[in-house]
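The values are calculated or read from the model by the stated rules, or taken from the named source; none is laboratory data. Remember, it's a predicted structure, so these values are computed and weren't measured experimentally. FYI the Cβ positions are ideal-geometry reconstructions off the backbone, even for glycines, and counts take in every protein chain you see.
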Amino acid sequence: MVLVLLAASLAGCVSGEPPALEVTVSETDTAVVETYQNGVLVERAGATVFLDFSGSTSAVTYTVAVSDGRATIEASADEGGMLNLTFDEHGVYNITATAVDAKGRTTSQSLVVRVNLRIEWNEEATQDPASLSFDPLPMHGGPMADYITIESVVSNPELIENLGGGREVDITWQLIDPLGGACQQHTDVVHEGASAAWNTLHFNTYEAHELAVQYDEGQDELDVLHTVIVVYEAPA
C-alpha cells in the first residue's frame, strides 16, 4: 500500500508530458495592398495577422519561425498570448509555432498563411495612360500564385459638365508579357459621359506583366481605374 501511494505522489513530479499548444491565426488569406495615383505609388500596406496562443497551457515561452527567412520571434508567455506577424511581400508562408515549458520541453504546430497582392490604380484626366507593371513571382519562394484577376474601368467624363462637347474614344486594353507580346487584349468604345469595363482572369503567373490602355481613336481625357489581384487560392 505504501509503495502504491508513493508511486502516485511521484507521478506528477516526473511527468514527461510536453506543454499543451493550441494556436490560431486571425486570417489565413490576406493581402499586401499597393495604391497608385496618376501612375505613382502612394501607399504600400503590408498584411498583418495575429497568432493567438491563449489556448495553450504550461508554456513559459513561445517561438514563431516563418519560411521567409526572418529571425525567429520569441516571446514570454507572461506577456500574453498574442503575437503579430507582418508580411511585406505576397506569397504562401509556412509558419511553425512552438511552445516551450520550464523544463525545455516543446510542442510545435504548423500553420499556412496565403498573402495575395492587390493593386489599386487610379489615373484622372489623362490622354496618355501609363502602364501598370506588376510581378506575380513570390519574392521568398514557395508555391506560385494560382491566377491573376483584372478589373478595369475607363471613364470618359463630359467635357463640359451637363453640356457635353466631347466625343467617344476607342481604346484597347492589353496585358503584355516581358517580350512585348499581348497575352490578352480587349477593345471597346468609351462614349462621352460613360464608361467601359474589362474583367478577365490570367493564368500565367510565372512572368512579370504590364497592363496598358492605348488610344485607338479620339482624344478626350479619360479616367482609368484598375484593380489587379495576384491570387494564392486555398486548397479545395
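Of the residues making up the stretch 208-224, just one is assigned to a loop (DSSP other than H, G, I, E, B) and surrounded by 19 or more Cβ atoms within 10 Å (Cβ to Cβ), namely Asp220.
For the stretch 11-46, taking the residues that are in a strand (DSSP E or B) and either closer than 21 Å to Gly81 by Cβ or in contact with a Pro (Cβ under 6 Å, 6 or more places away or on another chain) (or both), the one that is modelled with the lowest pLDDT is identified as Ala20.
Which one is surrounded by the most Cβ atoms within 10 Å (Cβ to Cβ) among residues in the stretch 66-85 that are within 19 Å of the chain's Cα centre (by Cα) and of a type in the set (A, V, I, L, M)? If you could, list the steps in order and put the result at the bottom.
Here is the first cut: in the stretch 66-85, the ones within 19 Å of the chain's Cα centre (by Cα) are 66-70, 84-85.
This time we only want the ones that are of a type in the set (A, V, I, L, M), so: 66, 85.
On the way: Val66: 18, Leu85: 21.
In this case the residue turns out to be Leu85.
Just for the stretch 86-142: of the residues that are hydroxyl-bearing (Ser, Thr, Tyr) and closer than 28 Å to Val40 by Cβ, which one is surrounded by the most Cβ atoms within 10 Å (Cβ to Cβ)? Write out each step before concluding.
Start the filter on the stretch 86-142 by keeping residues that are hydroxyl-bearing (Ser, Thr, Tyr), which leaves 86, 93, 96, 98, 106-108, 110, 126, 131, 133.
Within this subset, residues satisfying the condition of being closer than 28 Å to Val40 by Cβ are 86, 126, 131, 133.
Working: Thr86: 11, Thr126: 15, Ser131: 13, Ser133: 12.
Among those residues, the one meeting the criterion is Thr126.
Evaluate the stretch 123-145: report whether one residue or more is under 29 Å from Gly69 (Cβ atoms), charged (D, E, K, R), modelled with pLDDT of 95 or more and not assigned by TED's automatic domain parsing to the domain that holds Ser67. So far as the stretch 123-145 goes, yes, one or more of its residues are under 29 Å from Gly69 (Cβ atoms), charged (D, E, K, R), modelled with pLDDT of 95 or more and not assigned by TED's automatic domain parsing to the domain that holds Ser67. For Ala99, the conditions (1) aliphatic (A, V, I, L, M); (2) in contact with a helix residue (DSSP H, G or I) (Cβ under 9 Å, 6 or more places away or on another chain); (3) at pLDDT 95 or above all hold with the exception of (3). Among the residues of the stretch 79-116, the one identified as among the acidic types (Asp, Glu) and in contact with a Gly (Cβ under 7 Å, 6 or more places away or on another chain) is Asp88.
Hey, among Thr205, Thr227, which residue is assigned by TED's automatic domain parsing to the domain that holds Gln127, outside any strand (DSSP E or B), closer than 20 Å to Glu120 by Cα and touching a residue at least 60 places away in the same chain (Cβ under 8 Å)?
On the way: Thr227 fails: outside any strand (DSSP E or B).
Of Thr205, Thr227, the one residue that is assigned by TED's automatic domain parsing to the domain that holds Gln127, outside any strand (DSSP E or B), closer than 20 Å to Glu120 by Cα and touching a residue at least 60 places away in the same chain (Cβ under 8 Å) is Thr205.
Of note, Asp216 satisfies the criterion of being of a type in the set (Asp, Glu) and more than 24 Å from the chain's Cα centre (by Cα).
Among the residues of the stretch 192-199, is there at least one that is outside the structural domain of Val64 (by TED's automatic domain parsing), crowded, with 16+ Cβ neighbours inside 10 Å and at pLDDT 95 or above? Break it down into steps so the answer makes sense when it comes.
Within the stretch 192-199, the first condition is being outside the structural domain of Val64 (by TED's automatic domain parsing), and the residues that meet it are 192-199.
This time we only want the ones that are crowded, with 16+ Cβ neighbours inside 10 Å, so: 192, 196, 198.
From what's left, at pLDDT 95 or above: 196, 198.
Yes, the stretch 192-199 has at least one match.
Count of the stretch 127-161 residues, restricted to those that are part of a strand (DSSP E or B), farther than 21 Å from Val230 by Cα and touching an Asp or Glu at 6+ places or on another chain (Cβ under 6 Å), is 2.
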